[in-house]
1. Mind running the shape call on region 49-168? Use the C-alpha gyration tensor, a ≥ b ≥ c as the square roots of the eigenvalues: rounded below 1.5 for a/c, prolate if a/b tops b/c, oblate otherwise.
2. Within the set LYS10/LYS57; LYS7/LYS386; LYS10/LYS348, which residue pairs have Cα atoms separated by over 26 Å?
3. Taking 8 Å as the Cα distance limit and 6 or more residues as the minimum spacing, I'd like the relative contact order of region 27-111 as a percentage.
4. Roughly what angle does helix 203-216 make with the longest principal axis of the chain, taking Cα atoms, 0 to 90 degrees, to the nearest 10?
5. Kindly give Rg over Rh for region 104-197, based on alpha-carbon atoms, with the Kirkwood expression for the hydrodynamic radius.
6. What angle do you read, to the nearest 10 degrees and between 0 and 90, between the alpha-carbon axis of helix 277-287 and the longest principal axis of the chain?
7. As an exercise, identify the GluC sites (Glu not before Pro) in region 88-189 lying in DSSP coil whose Cβ has no more than 15 other Cβ atoms within 10 Å.
8. State the Cα centre-to-centre distance between region 274-326 and region 136-174 in whole Å.
Amino acid sequence: MKTIRLKAGKERSLLRRHPWVFDGAIDRGRADPGETVRVESAEGRFLAWGAYAPSSKIRVRVWSFDEAERIDAGFFERRLRTAAALRERLAIDSDGVRLVHGESDGLPGLIVDRYGETLVAQFGSSGVERHKAVIADALLRVTGLARLYERSDASVRQREGLPPVTGWLRGGGATECVIHENGWHLSLDVAEGHKTGYYLDQRDSRRDCAAWTRRFGFEEVLNCYSYTGGFTVAALSGGARHVTSIDSSAAALARARHNVALNGFDPARCTFVDADVNASLRAFLAEGRRFDAIVLDPPKLAPSAAHVERAARAYKDVNRLGFKLLNPGGVLFTYSCSGAVGVELFQKIVASAADEAGVDATILARHGGAPDHPTGLAFPEGEYLKGLVVWRRP
Ligand code: SAH
C-alpha cells in the first residue's frame with residue numbers, strides 16, 4: 001500500500017471530511033492512476049483511503065475516512081446499495097432517477113442514472129476508472145438490471161488524463177429510452193443526448209412549472225433552452241394554450257416535438273425555434289410579443305470561478321430580456337447550473353436584471369436539484385443548480 005504524506009497543516013480539510021486532496025497539499029508519495037493510497041498527516045497520522053490521480057490537480061479523491069475499511073469489491077457494492085436504497089425511500093415520481101451522484105454518494109467521480117430498465121454511467125475519475133469492471137458488475141447485482149451504457153465523454157475526464165469512452169459496458173440494444181416522469185412520457189437517447197441523456201436534476205422544477213401554470217392559468221408560455229422539451233410538456237400539461245420552445249440544437253428540438261406527440265398534445269399548441277436564445281428574445285421584443293410564463297434554463301455559463309464575472313453579465317442580459325417579455329402578473333422560472341455562481345449572487349443578478357427591465361418582481365419559490373442529486377454537507381462544490389420562480393407584479 002502506497003502512502004501519501006501531506007505537508008504540515010494540510011490535513012484540516014480532510015479532518016472536516018472534505019473528499020479532495022489538491023496537488024499542492026502533498027509533501028511526498030505517488031502512485032499509479034486510480035491506485036488506492038493511504039493519506040496521512042505530516043506527523044504520520046491516518047487521515048483517509050483515497051484514489052490517486054497523477055495528472056489531476058485533485059491528486060487524491062477520498063474513498064473512506066475509516067482506517068478499518070478495505071477498498072475492495074465489497075466496499076463498492078456497499079456504497080452502491082446505500083445510494084440505491086436512498087432513492088427507493090425518496091418516492092420519486094419517475095423511473096428516470098440518478099442512482100449515484102459522485103462525491104455526495106461516497107463514490108468520487110461516479111455518476112449513474114437509471115432510465116427505466118437501462119443504466120448509464122459516467123466514470124469521471126481515475127479511481128472509478130480503475131475499478132470500472134467491479135463497479136459495473138455490482139451495479140447490475142444491486143439493481144437487478146442487465147443493460148449498462150457508458151457515457152465517459154464529459155470534459156472532467158480530460159483533467160484526469162483519461163480519454164473519452166462511450167458504448168455498452170454490459171448488455172446492449174437500442175439506446176433510445178422512454179421514461180415516465182411526473183405522469184409524462186419522455187423519450188431520450190443515452191448515446192446521443194446531453195449528459196447521460198436527460199436533465200434529471202430539473203425533475204421537480206418541471207413538476208412545479210406545471211403546477212404554477214395551472215394555478216395562474218398561463219396561456220402563452222416561452223421555454224428557452226428547451227433541450228428535449230421537458231418544460232414544454234410540463235407547461236402543456238398545466239394547461240398552457242401555446243408553448244414556444246427555443247434551442248440551438250436541431251436534434252434536441254426534433255425530440256421535443258416527438259415528446260409533445262408522445263403525450264398526446266396537439267402539435268398546433270407548439271412552436272419550435274431552432275436559434276440562439278438571445279437573438280430570438282430580441283426579435284420577439286421588437287415584434288412586441290409577450291408571454292405569461294417564461295423558462296430560462298441556460299447551459300453552464302461559468303465553468304469555473306474565473307468565468308463568474310462574464311457569466312454574471314450573460315445571466316443578467318438574458319434575464320433582463322425575459323423580464324421585458326413577461327406580461328404583468330406573469331412568472332419567470334429562471335435557473336443557473338453554474339456551481340461558481342452561488343444562490344446569493346444569482347439572486348442579485350436576477351434582481352438587477354429586473355431593475356434594468358423596469359420591472360417590480362417578487363420571489364414566489366426557490367428551486368434546486370431534485371433530491372436524488374444530494375450534496376455532501378462537507379462538499380459545497382457539489383451544489384450547482386439553483387432557480388427562482390419570480391412573479392412580475394401587475
Ligand atoms: N431545460 C432543459 C435543459 C436545458 S439544457 C430540460 O429541462 O431538460 C440547456 C440547453 O441549451 C441545451 O439543450 C443546449 O442545446 C441549449 N443551448 C445552449 N446554448 C444555447 C443558445 N445560445 N441558444 C439556444 N439554446 C442554447
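1. Numbers: a/c = 1.82, a/b = 1.26, b/c = 1.44.
Oblate is the answer for region 49-168, as a/c is 1.5 or above yet b/c matches or exceeds a/b.
2. Values: LYS10/LYS57 15 Å; LYS7/LYS386 36 Å; LYS10/LYS348 34 Å.
Over 26 Å Cα-Cα: LYS7/LYS386; LYS10/LYS348.
3. 19
4. 20
5. 0.96
6. 10
7. Numbers: sites: GLU88, GLU103, GLU117, GLU129, GLU150, GLU160, GLU176, GLU181; in loops: GLU117, GLU160.
Answer by residue number: GLU117.
8. 34
The values are calculated or read from the model by the stated rules, or taken from the named source; none is laboratory data. Being a predicted model, the structure only gives us computed values, none of them experimental. Cβ coordinates were reconstructed from backbone atoms using ideal geometry, including for glycine residues, and neighbour counts include every protein chain displayed. Only protein heavy atoms, including side chains, enter the accessible area calculation; ligands, DNA and RNA are left aside. Shrake-Rupley method; radii C 1.70, N 1.55, O 1.52, S 1.80 Å.
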